[in-house]
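The values are calculated or read from the model by the stated rules, or taken from the named source; none is laboratory data. What you see is a predicted model; the values in this text were computed from it and never measured. Glycine also receives a Cβ, built like all others from the backbone with ideal geometry; neighbour counts cover every protein chain displayed.
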2 protein chains.
Amino acid sequence: MQISSRFTLAVHIFACIDTFKDEYKITSDFLASSTNVNPVIIRKILGQLKAAGLLDIKRGSGGASITKPLDKISFLDIYYAVECIDNGELFHFHENPNMECPIGRNIHLIMDDKLKRVQGAMEKELASITLQDIKKDIKNML
Amino acid sequence: MQISSRFTLAVHIFACIDTFKDEYKITSDFLASSTNVNPVIIRKILGQLKAAGLLDIKRGSGGASITKPLDKISFLDIYYAVECIDNGELFHFHENPNMECPIGRNIHLIMDDKLKRVQGAMEKELASITLQDIKKDIKNML
DNA sequence: TTTGTTGTAACGATGAATATTACATTAAAA
DNA sequence: TTTTAATGTAATATTCATCGTTACAACAAA
């Protein structure tokens, strides 16, 4: 299973807000058009990003804006915000290993620390990338 | 979305084979009992591990055995073998970004290298863990 | 030939992701 | 105050992957 496209969508959304904030009002319809994704889906993601304190949304008049300096928003912040992961665990475990079996009884003891290392390596890399890096790439290509 | 339990199941399977290979014939029913997972699911995973060259399965008489030294089988080998990931990409991208939009047109150019770095960090850590590490932990706990 | 096992097809249940329609709520502008 | 254009959210549908389950043909050894 892959990580939900909510993550790439969220980054796309931030890129749009930062790039177009002076030219356009950033509404869910605007973002839906750029991503080619349904506006209701966009609003749900915007809601999650707002709940995480990463952006502001104006009701009524409309419009989304970023709340922090771009170098203070990492991929990891976004990843957590859009809840790509069940209860924080990257790996799904088989639920009911047999407690009568020495392996079944200890499989978590054997594997959990290793899985945590893998997840940690991934999250460390996510944390090392910020929206500032994205902005720089966009500037170079426009 | 989480990574399929096929991965933790596969590691569990290897642990059982190595631990019980001298006492029992390792059949899909035996493994189904230890993992508490349906034998057909087990057989499918065994098939994938065999296709990857990580173990042998005897038809008819039955029984699975490991084909390589344990320190030559890494978590990454297993991870690839059970196809936890669509076409090798960890992150699912929104499919049809708007090519009329400068961000939509370039979103892959902007993000792909970064996502690859994240995936690479995770796979590097997976590659650093082998079944030999698992065996050592099992010995310490029995 | 019998027996126990694997390989696999077929079908179902469940849950997540994504799309879509609809509408109440809201805030600013007219 | 009314109009207008957004947001927030519920409800429903579709699609897809996972996992469970039954059934049975193919197979190999006793």
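Each row is one residue, and each column tells you yes or no for (1) on the phi > 0 side of the Ramachandran plot; (2) assigned to a helix (DSSP H, G or I).
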site: B:Ser61; (1), (2): no, no
site: B:Glu83; (1), (2): yes, no
site: B:His94; (1), (2): no, no
site: B:His108; (1), (2): no, yes
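Just name the residue that is farthest from A:Met99 (Cα to Cα) out of those in the range B:22-56 that are surrounded by fewer than 14 Cβ atoms within 10 Å (Cβ to Cβ) and hydrophobic (A, V, I, L, M, F, W, C).
B:Ala51
Find all pairs meeting these conditions: Cβ atoms under 8 angstrom apart; at least six residues apart or on different chains; first residue within the range B:32-54 and closer than 18 Å to B:Lys72 by Cα; second residue part of a helix (DSSP H, G or I) and near DNA strand D (Cβ under 8 Å from one of its atoms).
Listed pairs, sorted by first residue: B:Gln48/B:Arg6.
Given the structure, is A:Ile42 modelled with pLDDT of 95 or more, within 11 Å of chain B (Cβ to nearest Cβ) and either more than 7 Å from DNA strand D (Cβ to nearest atom) or touching a Pro at 6+ places or on another chain (Cβ under 9 Å) (or both)? Step through it out loud before you land on a result.
On the way: modelled with pLDDT of 95 or more: yes; within 11 Å of chain B (Cβ to nearest Cβ): yes; either more than 7 Å from DNA strand D (Cβ to nearest atom) or touching a Pro at 6+ places or on another chain (Cβ under 9 Å) (or both): yes.
The answer is yes for A:Ile42.
Do the conditions hold for B:Glu95, that is, is it charged (D, E, K, R), within 30 Å of A:Leu142 (Cβ to Cβ), within 14 Å of DNA strand D (Cβ to nearest atom) and over 16 Å from the mean Cα position of the chain (by Cα)?
On the way: charged (D, E, K, R): yes; within 30 Å of A:Leu142 (Cβ to Cβ): yes; within 14 Å of DNA strand D (Cβ to nearest atom): yes; over 16 Å from the mean Cα position of the chain (by Cα): yes.
Against the criterion (charged (D, E, K, R), within 30 Å of A:Leu142 (Cβ to Cβ), within 14 Å of DNA strand D (Cβ to nearest atom) and over 16 Å from the mean Cα position of the chain (by Cα)), B:Glu95 qualifies.
For the subset of the range B:112-134 comprising residues that are more than 7 Å from chain A (Cβ to nearest Cβ) and of a type in the set (A, V, I, L, M, F, W, C), which member is surrounded by the fewest Cβ atoms within 10 Å (Cβ to Cβ)?
B:Ala127
Consider A:Lys68 against the criteria (1) over 24 Å from B:Gln2 (Cα atoms); (2) within 16 Å of DNA strand C (Cβ to nearest atom): it satisfies all of them except one. Which criterion is unmet?
(2)
Can you find even one residue in the range B:57-64 that is more than 11 Å from DNA strand D (Cβ to nearest atom), surrounded by 13 or more Cβ atoms within 10 Å (Cβ to Cβ), in contact (Cβ under 8 Å) with a residue 24 or more places away in the chain and more than 14 Å from the chain's Cα centre (by Cα)? Let's see the steps before the verdict.
In the first step, residues of the range B:57-64 are kept if they are more than 11 Å from DNA strand D (Cβ to nearest atom); the result is B:64.
Of the ones still in play, those that are also surrounded by 13 or more Cβ atoms within 10 Å (Cβ to Cβ) are B:64.
Next, only the ones that are in contact (Cβ under 8 Å) with a residue 24 or more places away in the chain stay: B:64.
In the following step, the residues that additionally are more than 14 Å from the chain's Cα centre (by Cα) were identified as B:64.
Within the range B:57-64, one or more residues are more than 11 Å from DNA strand D (Cβ to nearest atom), surrounded by 13 or more Cβ atoms within 10 Å (Cβ to Cβ), in contact (Cβ under 8 Å) with a residue 24 or more places away in the chain and more than 14 Å from the chain's Cα centre (by Cα).
Residues of the range A:7-27 being in contact with a helix residue (DSSP H, G or I) (Cβ under 8 Å, 6 or more places away or on another chain) and free of Cβ contacts under 8 Å to residues at least 24 places away in the same chain, which ones?
Residues satisfying the conditions are A:Thr8, A:His12, A:Cys16, A:Phe20, A:Tyr24.
Considering the range A:17-32 alone, what residues qualify as being within 12 Å of DNA strand D (Cβ to nearest atom) and not charged (D, E, K, R)?
At the first step, the residues of the range A:17-32 found to be within 12 Å of DNA strand D (Cβ to nearest atom) are A:17, A:24-32.
Residues satisfying the conditions are A:Ile17, A:Tyr24, A:Ile26, A:Thr27, A:Ser28, A:Phe30, A:Leu31, A:Ala32.
As an exercise: evaluate A:Ala81 against (1) crowded, with 17+ Cβ neighbours inside 10 Å; (2) within 14 Å of chain B (Cβ to nearest Cβ) and give the number of the one condition it does not meet.
(2) is the only condition that A:Ala81 fails.
Which of the residues that make up the range B:18-45 are over 10 Å from B:Val82 (Cβ atoms), part of a helix (DSSP H, G or I), of a type in the set (A, V, I, L, M, F, W, C) and within 11 Å of DNA strand C (Cβ to nearest atom)? Reasoning before the result, please.
Applying the first criterion (over 10 Å from B:Val82 (Cβ atoms)) to the range B:18-45 yields B:18-43.
If we keep only those that are part of a helix (DSSP H, G or I) as well, we get B:18-20, B:28-35, B:39-43.
Next, from what is left, pick out any that are of a type in the set (A, V, I, L, M, F, W, C): B:20, B:30-32, B:40-42.
The answer is B:Phe30, B:Leu31, B:Ala32, B:Val40, B:Ile41, B:Ile42.
Criterion first (over 22 Å from B:Asp112 (Cα atoms), surrounded by fewer than 22 Cβ atoms within 10 Å (Cβ to Cβ) and hydroxyl-bearing (Ser, Thr, Tyr)) does A:Thr19 satisfy it? Please lay out each step first, then the result.
Numbers: over 22 Å from B:Asp112 (Cα atoms): no; surrounded by fewer than 22 Cβ atoms within 10 Å (Cβ to Cβ): yes; hydroxyl-bearing (Ser, Thr, Tyr): yes.
Against the criterion (over 22 Å from B:Asp112 (Cα atoms), surrounded by fewer than 22 Cβ atoms within 10 Å (Cβ to Cβ) and hydroxyl-bearing (Ser, Thr, Tyr)), A:Thr19 does not qualify.
Being more than 8 Å from DNA strand C (Cβ to nearest atom) and either within 14 Å of chain A (Cβ to nearest Cβ) or part of a helix (DSSP H, G or I) (or both) is the filter here; which residues of the range B:46-59 pass it? Explain how you work it out, then say what you get.
Looking only at the range B:46-59, we keep the residues that are more than 8 Å from DNA strand C (Cβ to nearest atom), and these are B:48-49, B:51-56.
If the condition is that a residue be more than 8 Å from DNA strand C (Cβ to nearest atom) and either within 14 Å of chain A (Cβ to nearest Cβ) or part of a helix (DSSP H, G or I) (or both), then B:Gln48, B:Leu49, B:Ala51 are the ones that fit.
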